[in-house]
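Heads up, the thing below is written out as structure tokens.
The values are calculated or read from the model by the stated rules, or taken from the named source; none is laboratory data. Keep in mind the model is a prediction, meaning the values are calculated, not measured. Cβ sites come from the backbone with ideal geometry, for glycine too, and all protein chains shown count toward neighbours. For the accessible areas, the whole protein counts, side chains as well, though only heavy atoms, and no ligand, DNA or RNA atoms are used. Shrake-Rupley method; radii C 1.70, N 1.55, O 1.52, S 1.80 Å.
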Amino acid sequence: MSGQLPPKKEREAIVRIALDVPRAAHLDAVEPADLTFDYRTSIVASPGQRVIVPWGRRELVGLVVAEVQQSSLAEERIRPIVALLDDVSALSPAWFQLVRFAAQYYQRPLGEVALPALPSLLRRPSGYRLSEGAYRSRSMTGLQKKLKALLPGEACAGEPAPILSAEQASAAEVICSVVTDEGRFAPYLLHGVTGSGKTEVYLAAIAAALARGRQVLVLVPEINLTPQLEQVFRARFASAVVAILNSGMADGARAVNWLAAHEGQADILLGTRMAVLASLPRLGLIIVDEEHDPSFKQQEGLRYSARDLAVVRAQQAAIPIVLGSATPSLESWSQALRGRYVKLVLAKRAQEDARLPAIRLIDTRRAKLEHGFSEPLRTAIAARLERGEQSLVFLNRRGYAPVLSCPACTWISDCRRCSAHAVFHRPDGLMHCHHCGWSARVPRACPECGNQDLAPLGRGTQRVEETLANWFPQARLARIDRDSTRRQGSAQTMFEAVHAGEVDILVGTQMVAKGHDFRNLTLVGVVDADTALFSQDFRAGERLFANLMQVAGRAGRADKPGEVLIQTRFPHHELFTALVAHDFERFAQQQLAERKGAGLPPFAHHALLRAEATSLAQALGFLEQARSCALARAEEFGITVYDAVPMALMRLANLERAQLLIESSARPALQAFLAQWMAQLHALHSRLAWHVEVDPLDI
Ligand code: ADP
Ligand code: ZN
Ligand code: ZN
């Protein structure tokens with residue numbers, strides 16, 4: 001990083017540069033599908049370097065993709081780049097390979113994938129000034145200083161590892177042997193029951209990678225799981241540099257941590273899904289914890305699966321990857337069954353006296369419910385209070401009541417902008433739409449008939465909390481859901497309070513179900529498990545099983561036995577019988593048999609075309625056009641084209657939405673079809689918003 005002028009070329013070269021610009025703006029570009037554009041330069045610009053280029057009357061930061069011999073643009077139309085930015089090392093070919101794969105696989109332009117993968121501070125041309133012959137930005141200079149501060153002082157010894165159980169030791173040994181013997185892609189599925197000590201297996205593998213001077217990428221599904229793991233890493237690997245990446249970080253912090261990974265200083269990068277696209281020059285091992293979690297799927301922009309990209313990344317880099325879960329996704333599970341992933345099993349809880357909790361079903365067709373609670377559940381909570389143990393009451397629905405209704409007429413609290421109910425929230429007295437964010441004051445009287453007694457129907461976490469507060473006024477209650485944790489850091493504080501024993505009863509949504517190792521929690525109560533049971537979504541059962549298994553897994557993790565009470569009207573449902581037996585394998589087998597029979601993933605591959613418009617007819621009209629294009633080539637590519645249909649949540653924020661499903665039994669066929677279909681879709685020049693989603697989770 002010198003302050004000198006970069007070497008000049010004899011002759012000007014043409015370089016192709018990836019930019020993140022809206023598509024419609026560049027109809028005459030060389031490779032519009034890619035969002036790469038040609039510029040000329042007299043200085044040496046190598047692939048992976050950042051540049052500032054003119055764009056209309058603005059300037060943008062772009063990434064050099066390659067030098068090209070010829071451009072399809074007329075010579076006088078090729079503009080010169082403004083500046084080459086050499087304050088950060090160039091992105092490597094390996095990183096480009098990953099980003100290029102993501103762009104191709106998910107059918108997005110390269111520029112739209114590559115640039116957003118960089119922290120925003122590195123994408124902003126505004127701060128840069130020419131000084132001493134080079135472009136420098138003050139904020140970047142500040143970052144470089146902060147980066148130095150991230151490095152640990154003197155090396156010191158970390159905490160020792162516990163003695164591994166036999167299961168842990170043999171799993172760790174298998175993975176470590178590959179970490180050490182470099183240059184091989186090796187995917188592992190670590191199937192470990194809750195509390196089986198998967199973390200120790202990860203730590204053993206990480207230690208092996210660090211010992212070889214390699215970087216480790218650790219992905220977790222949720223931001224609130226990072227602090228706990230970060231502490232573990234810092235304690236165990238005291239001399240390693242741990243960098244963190246997630247969407248909750250401020251721009252500066254994100255840039256520093258990204259740079260630490262990119263410049264090779266960070267040894268461990270711990271992050272949520274976005275971290276999968278970080279630049280890691282010494283990468284030697286990837287770990288995806290809770291690999292089944294739907295949060296690994298990005299639901300907007302580049303709709304990618306971080307878990308799937310992690311596997312691709314491991315393959316490209318020829319390194320091992322560990323996918324860990326107590327309830328693996330059926331996709332990963334079937335890969336293991338087919339021998340593509342090596343399955344490693346931890347069947348017992350790690351701590352000697354810890355047992356899996358006893359799961360009991362409470363038949364709510366028989367048991368009388370009071371405020372949503374059966375007598376056995378209420379009694380069980382009371383018993384925990386008496387013994388000074390913690391209880392967790394799980395309900396995957398936030399708010400006070402999912403809907404307000406008028407008992408005198410047919411009025412219900414609908415969102416004004418969506419085809420959905422607005423949820424009643426008691427603390428602020430508002431009705432909130434959980435889909436679009438619309439909210440309104442609860443009317444004093446029914447807007448239709450004037451009746452003054454509007455009734456809340458059903459219950460959410462706020463109402464459950466209220467009931468418990470009435471019954472157990474002396475208990476210390478905490479509710480953890482997205483509403484109670486909006487302030488930055490508040491989730492962390494609340495979880496710490498639970499860990500510190502300052503909470504007797506914890507009420508929460510799936511936010512509390514994952515990952516946390518509560519030591520004194522011996523009861524988990526599930527208020528209502530049935531909503532997902534008969535959903536149209538073919539993945540609903542898989543998700544419910546995973547959620548219940550996860551939340552059940554919070555009970556009895558230490559020496560005291562745990563108990564799980566699940567209220568359901570369908571105690572004989574096969575999902576519950578497998579759950580009570582802690583039998584994931586049986587559940588997976590049932591599900592896979594059903595999926596196979598119905599020709600659903602993982603036995604088929606999906607892509608969705610979604611369109612939204614002010615009228616449903618418009619959206620469907622576009623999809624019909626797209627459908628005829630698809631039908632014309634269906635046989636050739638071996639794909640099935642379904643009917644264009646309105647989405648389950650048809651109206652969202654005043655837009656009507658519809659979708660078209662494409663299915664194929666082979667991924668390459670689907671990919672080949674999509675590549676040419678995308679060109680056709682763009683050629684339709686439709687003005688409505690549409691996108692294609694590959695491997696959608698919700699269809
Ligand atoms: P999982 O992620 O598989 O649910 P954790 O990794 O959180 O489980 O481990 C569960 C508990 O068991 C933790 O408190 C952990 O410290 C403890 N533990 C893990 N391995 C061992 C071991 N070998 N000996 C003693 N305790 C262990
Ligand atoms: Zn009314
Ligand atoms: Zn809405």
- Spelling it out for Ser196: with amide H atoms placed in the peptide plane at 1.01 Å from N, the residues 5 or more places away or on another chain with amide H under 5 Å from its amide H are Ala350
- Message: Relative contact order of the range 49-189, please, whole-number percent, based on alpha carbon pairs below 8 angstrom and at least 6 residues apart.
- Response: 19
- Report, to the nearest 10°, how far helix 251-262 tilts away from the longest principal axis of the Cα atoms in the chain, using its own Cα long axis and a range of 0 to 90°. 70
- Task: Counting only C-alpha contacts under 8 Å and six or more residues apart, can you give the relative contact order of the chain as a whole percent?
- Result: 11
- Query: How big is D, in µm² s⁻¹, for the range 8-138 by Stokes-Einstein at 10 °C and 1.306 mPa s if Rh is the Kirkwood radius over C-alpha pairs?
  - Reply: 106
- If the label point sits 7 Å along Cα→Cβ of Lys148, residues of the range 257-300 with amide N under 19 Å come out as 257-266
- Multiply the residue separation of Ala593 and Ala540 by 0.36 nm, subtract the distance between their alpha-carbon atoms, and state the gained length in nm to one decimal. 17.5 nm
- Task: Leaving ligands, DNA and RNA out of it, report the carbon-plus-sulfur percent of the accessible area of the range 13-136 at a 1.4 Å probe.
- Result: 51
- Item | Using alpha-carbon coordinates, inclination of helix 540-552 to the longest axis of the chain, degrees | 70
- How large is ³J(HN,Hα), in whole Hz, for each residue of the range 363-372 in order, when computed from phi with the Karplus curve 6.51 cos²θ - 1.76 cosθ + 1.60 and θ = phi - 60°, using x for Gly and Pro? 6, 7, 6, 9, 5, 7, 9, 10, 6, x
- Query: the range 472-556: which chymotrypsin sites (Phe, Trp or Tyr not before Pro) are DSSP loop and have at most 13 other beta-carbon atoms within 10 angstrom?
  - Reply: Phe534
- ³J(HN,Hα), Karplus 6.51/-1.76/1.60, whole Hz, each residue of the range 425-440, x for Gly, Pro: 10, 6, x, 9, x, 10, 9, 10, 8, 7, 9, 10, x, 4, 9, 7
- Task: Return the Rg/Rh value of the range 594-699, two decimal places, where both radii are evaluated on C-alpha atoms and Rh is the Kirkwood radius.
- Result: 0.97
- Query: Once amide H atoms are built 1.01 Å from N in the peptide plane, which residues 5 or more positions from Leu346, or in another chain, come under 5 Å H to H?
  - Reply: His191, Gly192, Val193
- Query: Distance in nm between label sites at Asp643 and Glu375, each 7 Å beyond Cα in the beta-carbon direction?
  - Reply: 5.0
- Item | Carbon and sulfur %, accessible surface of the range 605-694 computed with the full protein complex present, 1.4 Å | 55
- Note on the structure: Expressed in angstrom, Rg and Dmax over the Cα atoms of the range 38-77 are 10.6, 27
- Where the chain is the region considered: accessible area per residue in Å², 1.4 Å probe: 44
- Report, please, the projected area of the range 148-346 averaged over directions, based on the convex hull of its C-alpha atoms, in nm². 10.7
- Message: Tell me whether the range 212-269 comes out rounded, prolate or oblate; compute the Cα gyration tensor, take square roots of the eigenvalues as a ≥ b ≥ c, and use a/c under 1.5 as the rounded threshold.
- Response: oblate
- Can you grab the distance from the C-alpha centre of the range 413-446 to the C-alpha centre of the range 467-510, Å, no decimals? 24
- Item | Efficiency of FRET from Cβ geometry, Ile163 and Glu448, R₀ 51 Å, rounded to 0.05 | 0.15
- Calculate the length of the line joining the C-alpha centroid of the range 661-676 to that of the range 545-599, in whole Å. 34
- Query: In degrees, nearest 10, range 0 to 90: what is the angle between the Cα axis of helix 198-211 and the longest Cα principal axis of the chain?
  - Reply: 20
- Around Val423, which amide H atoms from residues at least 5 apart in sequence, or from another chain, sit under 5 Å from its own amide H, with H modelled in the peptide plane? His432, Cys433, His434
- Karplus-derived HN-Hα couplings along the range 489-499 (A = 6.51, B = -1.76, C = 1.60, θ = phi - 60°), whole Hz, x at Gly and Pro: x, 6, 4, 4, 4, 5, 4, 4, 4, 5, 4
- Message: If I model the chain as equal point scatterers sitting on the Cα atoms and use the Debye formula, what is log10 I(q)/I(0) at q = 0.08, 0.09 Å⁻¹?
- Response: -0.71, -0.91
- Compute the longest continuous run of the chain that contains no exposed GluC sites (Glu not before Pro); treat a site as exposed when its DSSP state is not H, G, I, E or B and it has at most 13 other Cβ atoms within 10 Å. 503-699
- Task: Keeping all protein chains in position, work out how much accessible area Met494 exposes to a 1.4 Å probe, and write it in Å² to the nearest 10.
- Result: 50
- Qualifying trypsin sites (Lys or Arg not before Pro) for the range 620-695 [loop in DSSP, other Cβ within 10 Å: at most 14]: Arg687
- With R₀ set to 22 angstrom, the calculated FRET efficiency between the beta-carbons of Gln676 and Arg340, to the nearest 0.05, is 0.20
